[in-house]
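For reference, the structure is listed below as structure tokens.
The values are calculated or read from the model by the stated rules, or taken from the named source; none is laboratory data. Quick caveat, the model's predicted, so the values are computed rather than measured. Every residue, glycine as well, gets a Cβ built from its backbone with ideal geometry; the counts of neighbours run over all protein chains shown. Just so you know, the surface numbers come from the protein's heavy atoms only, side chains and all, with ligands and any DNA or RNA stripped out. Shrake-Rupley method; radii C 1.70, N 1.55, O 1.52, S 1.80 Å.
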Amino acid sequence: MAELKAPVEPYRIKAIEPIRSTTRKEREALLRQAGFNVFGLPAEKVMIDLLTDSGTSAMSDDQWAGIMTGDESYAGAKNFYHLEDAVRAIFGFTHVVPTHQGRAAERVLFGSMVKKGDLVPSNIHFDTTRANIEVLGAEAVDLVRPAAYDPDADLLFKGDLDVARLKKFIEAKGAKRIPLVMTTVTNNSGGGQPVSLKNLKETSQVCAHYEIPFFLDACRFAENAFFIKRRENGYARKSVLEVAQEMFSYADGATMSGKKDALVNIGGFVTFDDDGLAEKVKNLLIISEGFPTYGGLAGRDLEAMARGLNEALDEEYLEHRTAQVAYLGGLLDRAGIPVFKPFGGHAVYLLADRFLPHIPRAQYPGWALTVALYREFGIRAVEIGGVMFGRKTGKGKKEVYPELELVRLAIPRRVYTASHLQVVADALIELFRNRDKIRGLRIVRESPFLRHFTARLEEI
Ligand code: P61
């Protein structure tokens, strides 16, 4: 087998953050205190943290310099105009409404468009968009192409929405009940897979036909654009910026968590052209987030986001970022560890039900794997499976599980080196050898929305 080449970091390190080690005994006690929930662990007690790529980026020297130019005026800070310019140049919409993060953008948008009984289709809704729709009494519907759920289907654009199904769905339910259609780029809950321009264009044509607005959940738009440049016919010579502009040209607007592809630790926005919608969104924003030129952020945060949006489109950066994911994925795949294929833009996803075939879905194999990975090696990952997406339905309140039982190893942007990734791969290879010792869990306490954040579990 050819050797996997470690990707060379396209940056130098000029400020460091120490990593402290812990003992297995200490980690065992911490897990018990946290109710076997890795969200309850002190981050200082984590050696390599792959819980999320959200808000965990290392900012550049230019972003840090921008922070010092923060204008903290209540209204009309210059940094808001910088952000507005950056978003308009990439996304192309006139209204730019900052929010403190992505889910706040979802809340003010859905709060202005969605009502009880409505239906909102997407390829696959991420859990916060789903929750923000359900909390309004509407239904979030996933219409991704069926192969998206096949972890072995090696497709170039596995995040594509099934446009034929969307059409049938609109015909069956009536366009009146559908206030908007969304597409998540890249498709986080389905393995971080990209969506093609062809698919965005076709979705937008169907939406236009039925006069339904089409929005992108754009958290990872730059990674999606990079995959299009690499994989879609006719785009190899375009810049990633041009591809991103074309992506947004098919949409009526977008929600954005700046904590991903704007390379910041906090921030988000919603952007679109509709003036009537802008009035509603800003009214909701003022009650909950703040005045429309800061939306829950400091001037310095707005500046960091404006600069980060452009850095995220740098092709050398994107080349390295996707290579890091493929490197970790390749190390695991070659060792026979079950992984979701192809590798996505921001994370490697383990197939927990195949990793731990002796643990039934009702005992949450994905969760068990995150517990074991922390206990044995101090590495934190996140379950995207039965605890995150399980639903109790019907009279007997029987729990129904999502099609995929995944554990995500999300790679923070510009934070870890190839040798950190090698450590993670070695740990998982050893865990895989001793997998029969890993036990399932049961939930002992949970909340009605996004239960995985606070649930307490015990081992069976
Ligand atoms: C993540 F465990 N993602 O992937 P906000 N859309 C999409 C996201 O990926 C996303 C948001 C909207 C996170 C953070 C996270 O249960 C969890 O800025 C495609 O986080 O509000 C966030 O953006 C929301 C982790 C979110 C979770 C919810 O790790």
Legend entry - Scan of the range 11-53 for residues that are more than 25 Å from N188 (Cα to Cα), assigned to a loop (DSSP other than H, G, I, E, B), in contact (Cβ under 8 Å) with a residue 40 or more places away in the chain and open to solvent by 40 Å² or more (accessible area, probe 1.4 Å), ordered by number: Y11, K14, S21
Inset, instruction - Give the residue that is nearest to the ligand (Cβ to nearest atom), with candidates limited to residues of the range 65-85 that are among the aliphatic types (A, V, I, L, M) and open to solvent by less than 10 Å² (accessible area, probe 1.4 Å). - result: L83
Legend entry - Selection count where residues are in a loop (DSSP other than H, G, I, E, B), in contact (Cβ under 8 Å) with a residue 60 or more places away in the chain and open to solvent by less than 10 Å² (accessible area, probe 1.4 Å), scope the range 252-299: 5
Legend entry - Filter result (open to solvent by less than 30 Å² (accessible area, probe 1.4 Å) and either in contact with a Gly (Cβ under 7 Å, 6 or more places away or on another chain) or within 26 Å of K259 (Cβ to Cβ) (or both)) within the range 146-178: A148, F157, K158, G159, D160, L161
Legend entry - Odd one out for R130 among (1) touching a helix residue (DSSP H, G or I) at 6+ places or on another chain (Cβ under 6 Å); (2) outside any loop (DSSP other than H, G, I, E, B); (3) open to solvent by 10 Å² or more (accessible area, probe 1.4 Å): (1)
Inset, instruction - Taking the options V97, V108, name whichever one is in a helix (DSSP H, G or I), within 16 Å of the ligand (Cβ to nearest atom) and open to solvent by less than 50 Å² (accessible area, probe 1.4 Å). - result: V108
Inset, instruction - Within the range 300-308, identify whether any single residue is in a strand (DSSP E or B) and open to solvent by less than 10 Å² (accessible area, probe 1.4 Å), and answer yes or no. - result: no
Inset, instruction - Looking at (1) more than 16 Å from the ligand (Cβ to nearest atom); (2) crowded, with 20+ Cβ neighbours inside 10 Å; (3) in contact (Cβ under 8 Å) with a residue 60 or more places away in the chain, find the lone condition where M182 falls short. - result: (1)
Inset, instruction - Would you be able to tell me the number of residues in the range 48-68 that are of a type outside the set (D, E, K, R) and touching a strand residue (DSSP E or B) at 6+ places or on another chain (Cβ under 6 Å)? - result: 4
Inset, instruction - Give the residues of the range 364-411 that are assigned to a loop (DSSP other than H, G, I, E, B) and surrounded by fewer than 21 Cβ atoms within 10 Å (Cβ to Cβ), sorted by residue number. - result: G390, G394, K395, G396, K397, Y401, P402, E403
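Condition check ((1) closer than 24 Å to Y364 by Cβ; (2) in contact with a strand residue (DSSP E or B) (Cβ under 7 Å, 6 or more places away or on another chain); (3) within 16 Å of the ligand (Cβ to nearest atom); (4) not in a helix (DSSP H, G or I)) across all residues:
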| residue | (1), (2), (3), (4) |
| --- | --- |
| V415 | no, no, yes, yes |
| L428 | yes, no, no, no |
| L431 | yes, no, no, no |
| D436 | yes, no, no, no |
| R442 | yes, yes, no, yes |
